[in-house]
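What follows is calculated from the coordinates using simple rules that are stated; it is not laboratory data. Bear in mind the structure is a predicted one, so any value in this text is a computation, not a measurement. All Cβ positions, even for glycine, are placed from backbone atoms using ideal geometry, and neighbour counts span all protein chains on display.
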Amino acid sequence: MSNKEQLFKEIFDANSKKIYHLCFGYTGDDDAANDLLQETFLKVWQNLEKFRNQSMISTWIYRIAVNTCLTYLKSEKRQAKDELTPNIIENREEETGEREKQEQVKTLYQCISKLEENERIIITMVMDEVPYPEIAEVSGISEGNLRVKIHRIKHKLTELYNEHERL
Amino acid sequence: MKDFDSLIGIWNEQKTAPVIDHREVITHYKDSREKLSLKFMKEILLMIPALIMMIYLWFAISFNFWTSYLGLAIVAGCCIYFIVIQIINIKNVASSNTLFDKPQDHIQFIQKFRKSRQIQHTRNYKIYTLVLGFGLSLYFIEFFYQLNLVLMISMVVATLAWFIVCYFYLMKIYVRKEEKRFNEMLEDLERLNEQFKDEA
C-alpha cells in the first residue's frame, strides 16, 4: 500500500462513520447515504495533498460532505423519505432489548428526516459530539447564532420524537 | 417523555454503518476519471466526421454560388460551436471545486451555474437552431436552380416544415420543460440559501 493510500485509509477509518451518519440523517436513505459518502471521500482522495498539513482535517471533510449533500438533493431532486430504508435492524434474532433499541434509532432518523435540510445537518453533528466551533466553521454560521439554532433544533427534535412515541 | 440527552443515548446505540471501504472509493475515482476521458473522446469523435464531411464538400464540389460556401461555413461553425460548448461544460463541471467553500457560497455558485445552463439550454439553443437553419437555407439556394421544379418545391416544403415543427413545436415543449425543471431547482436552492444565512 502506498503512503497516499495508507494516509487515506487512516482518514477514512477515522471519519467515515460520522460522515455516514450525516448523509443518512440528511437523506433518510441507506443507498443514498453510501453514495454521498463515496462522493465525499472521492473528493478527499482527489485533494489529499492539500489536506496533508491541515490540523482540522475533519472540518474540511464535513464541509465537503455538507456541500455534497446539498448538491445531491438539488441535482437528483431527492427528498428525505418518510419511510426509511436502512438496514437498521440487522439481525432479527437479536434480543428483544436490542431490537427495541434499533427501533428507537429508526424512529429517531424518521424524526430527523422531518427537519429542514440545515437542521438535519447541524443536529447529526451535535449528536455525534462535533464541537460547536467546528460545526460553526462547517456551516458558515457564527457560533453565537449557531447556539441559538441548536437550542431550537434540539427542542424541535425532542418534540417530534415524543409526538411519534405517543402515536 | 424523553429529553434530548435520552435521544443522544439512542443515537449512540445505533448500528448503522457505511457499506463501502476506502479501496472502493479509490477504485471508483479511477473509473470516473476514465469515464470522463471517454466522454471527451466521444465528443471529439462526433466532431471529426462532421468536419471531414464539410471539408470534403467544400473542396470536392465546385459550387457556382457563393451562398453555398457561406452556408457550408455556417453549418460547420454550428457543429464546432455545439461540440466546443459540450467540452467546455464537461471541463467546467470537472474542474469546479466549490465544495470547500461555506455552504452558502457553494449554493450561490450552483445557482449561478444552473442559471447559465438554463440560458444555454433555452436562449442559446434557439439562436443555434436559427443560425443552423439559415446556413442550410443558404446552402440549398444553388440546388434550387439546378433541380427540377417539383423536386425543388418538395425540398423547400420539406425543409420549411421541418423547421416549423422543430422551432414552433418541439422547441417550445423543450424550453417549457427545461424552464419548469430549472425554476423548481432554483426555488430549492433559494430555500437552502436562506437556511444557511448567518441569522439565528
Problem set entry | J(HN,Hα) series, the range B:112-118, from Karplus relation 6.51 cos²θ - 1.76 cosθ + 1.60, nearest Hz, glycine and proline x | 4, 4, 5, 5, 5, 5, 5
Exercise. What is the gain in length, in nm to one decimal, between B:ARG23 and B:LEU70 on full extension, counting 0.36 nm per residue of separation less the C-alpha to C-alpha distance?
Worked result: 11.4 nm
For this session: Within 10 Å of each residue's Cβ, count the other Cβ atoms and sort B:CYS166, A:CYS23, A:CYS69 from fewest upward.
Result: B:CYS166, A:CYS69, A:CYS23
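Hey, which of these cross-link pairs are over 30 Å Cα-Cα: A:LYS18/B:LYS177; A:LYS18/A:LYS101; B:LYS102/B:LYS172; A:LYS154/B:LYS112; A:LYS106/B:LYS180; B:LYS39/B:LYS197?
Values: A:LYS18/B:LYS177 39 Å; A:LYS18/A:LYS101 19 Å; B:LYS102/B:LYS172 38 Å; A:LYS154/B:LYS112 34 Å; A:LYS106/B:LYS180 35 Å; B:LYS39/B:LYS197 38 Å.
Over 30 Å apart, Cα to Cα: A:LYS18/B:LYS177; B:LYS102/B:LYS172; A:LYS154/B:LYS112; A:LYS106/B:LYS180; B:LYS39/B:LYS197.
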Exercise. How large is ³J(HN,Hα), in whole Hz, for each residue of the range B:132-138 in order, when computed from phi with the Karplus curve 6.51 cos²θ - 1.76 cosθ + 1.60 and θ = phi - 60°, using x for Gly and Pro?
Worked result: 4, x, 5, x, 5, 4, 4
For this session: Compute the separation of the alpha-carbon centres of the range A:111-167 and the range A:1-57 and state it in Å as a whole number.
Result: 22
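What number do you get for the protein assembly as shown when its Cα radius of gyration is normalised by 2.2 N^0.38 Å, N = residues?
Ratio of Rg to 2.2 N^0.38 Å for the protein assembly as shown: 1.33.
Counting alpha carbon pairs within less than 8 Å and at least 6 residues apart, what relative contact order, in whole percent, applies to the range B:8-114?
Working: 24 pairs, mean separation 26.3, N = 107.
Rounded, it is 25 percent for the range B:8-114.
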For this session: With a bin width of 5 angstrom, please list the P(r) values of the range B:14-195 as percents of all Cα-Cα pairs, from the 0 bin to the one holding the largest distance.
Result: 1, 6, 10, 12, 13, 14, 12, 9, 7, 5, 4, 3, 2, 1, 0, 0, 0
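Taking 8 Å as the Cα distance limit and 6 or more residues as the minimum spacing, I'd like the relative contact order of chain B as a percentage. Please report the intermediate quantities before stating the final value.
Details: 85 pairs, mean separation 54.0, N = 200.
Value for chain B: 27 percent.
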For this session: For chain B, give the magnitude of the charge dipole about the Cα centre (Cβ charges: +1 Lys/Arg, -1 Asp/Glu; no others), in debye to the nearest 20.
Result: 600
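Roughly how compact is the range B:12-115, stated as its Cα Rg over 2.2 N^0.38 Å to two decimals? Walk me through the numbers before you get to the answer.
On the way: Rg = 22.6 Å, N = 104, 2.2 N^0.38 = 12.8 Å.
Dividing the Cα radius of gyration by 2.2 N^0.38 Å gives 1.76.
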Problem set entry | Distance (nanometres) between label positions extended 7 Å along Cα→Cβ at B:ASP105 and B:GLU13 | 4.2
